1. Please give the FRET efficiency for Asn90 paired with Lys249, using the beta carbon to beta carbon distance and R0 = 56 Å, rounded to the nearest 0.05.
2. For region 4-63, what is the per residue volume of the convex hull drawn over the alpha-carbon atoms, in cubic angstrom?
3. In whole Hz, what ³J(HN,Hα) sequence does region 187-203 give by Karplus (6.51, -1.76, 1.60; θ = phi - 60°), x for Gly and Pro?
4. Given H placed on each backbone N at 1.01 Å, which residues far from Glu258 in sequence or on other chains put an amide H within less than 5 Å of it?
5. On a straight-distance basis, which aspartates and glutamates could pair with Lys33 in a cross-link, Cα separation under 15 angstrom, same-chain partners fewer than 8 positions away excluded?
6. Students often forget the sequence filter, so: which aspartates and glutamates lie under 20 Å Cα-Cα from Lys303 once same-chain residues fewer than 8 apart are removed?
7. In the structure shown, do any of Lys172/Lys249; Lys104/Lys277; Lys3/Lys82; Lys82/Lys202; Lys129/Lys311 have a Cα-Cα gap over 29 Å, and if so which?
8. Give me the distance in nm between label points sitting 7 Å out from Cα along the Cα-to-Cβ direction at Glu223 and Met282, one decimal.
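Please treat every number below as a calculation from the coordinates, not as lab data. Being a predicted model, the structure only gives us computed values, none of them experimental. Ideal geometry is used to build each Cβ from the backbone, glycine not excepted, and the neighbour counts take in all protein chains shown.
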Amino acid sequence: MSKIDILSLGFKELETALREMGEKPFRAGQIFKWLHCGDRVKSFEEMTDISKELRGRLEDSFEIVYPKAVRKLVSKKDGTRKILFELSDNNHVETVIMDYRHGKSICVSTQVGCKMGCTFCASTIAGFKRNLSPSEILTQIYSAENECGVHIDSVVLMGIGEPLDNYDNVVKFLGILSHPKGRNMSLRHVSLSTCGIVPRIKELAELRSGLTLSVSLHNTTNEGRSAIMPVNRRYDINELLDACREYTKATGRRISFEYAVIDGVNDSREDAKRLAKLLDGMICHVNIIPVNPVKERDYHSKKGSAAAFAKQLESLGINATVRRTLGSDIDAACGQLRREYEI
């Protein structure tokens, strides 16, 4: 019989599992703390305030699984750190630690590969393999902190994969990360990026979790967006923006729209005007991004084009900033290190 992945269990699930083993409910608090607080043990033997007999039974029924760091890169430009993790089935995902004024932020992956097919993204080139479990998302944070000797202050679900395509596991991960008996991270310090899976955005709104929703828009017409983001053929711009307005109304949270400026594709004055019109009246912010160079694609941004586009939006009454480019010398964009390693 296969063992249960204990790091993927929410607190209530752990309580139930222990109750079925004949244990008192308070044991869940002890074990959850060992797993998610302080040094975060990697074996049941380290749980010194529970009996040896119980530790043995836990060992028989559960497993504590961490990924293995197989490659680490550090940017000489800004100190950004990128880690390639190997999972228990030999698949690989990437994690990036970035330094900001407010602290250290980590960008985690939610899937091995991606099925969304966005043409400017390196993650989708090798195709989709599988979803990550809650623990596989969570232990990217724990392992990165251990590997780099840092404390993570905020989390961005913007690595390999589409978080809302792995909705149940991502929501479970968020519950474990924010549980008061565990890491207890406020979800106001978490950003989730999606290419626009409308039904899941609506479900996420109902949770009223407090997290920041980032929506990858990247174009201002359905024809143009469908050409670079196949998801738009299923949920077009109008449907997506309606869902975003519902999210803002339900949560009171401002939405961040991601817009990668691609030379000759979406960087014209007319694009800026259309974008301003689409977002008029919304509580939002536009994050302008110089497109990441990808070897298999011919997309690029002209020098200064991101700043110029942001300035145009500001003149049209839309709050916009250019995202700080980090880790450019270590290919910090998601998917690049994994592809190089697996080739």
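1. 0.80
2. Once divided by residue count, the hull of region 4-63 is 76 Å³.
3. 6, 5, 9, 10, 10, 10, 9, 9, 7, x, 8, 4, x, 6, 4, 5, 5
4. Val215, Ser216, Leu217, Asn287
5. Glu13, Glu15, Glu45, Glu46, Asp49
6. Asp78, Glu258, Asp263, Asp267, Glu270, Asp271, Glu314, Asp329, Asp331
7. With Cα atoms farther than 29 Å apart: Lys104/Lys277; Lys3/Lys82; Lys82/Lys202; Lys129/Lys311.
8. Using points 7 Å along Cα→Cβ, the separation is 2.2 nm.
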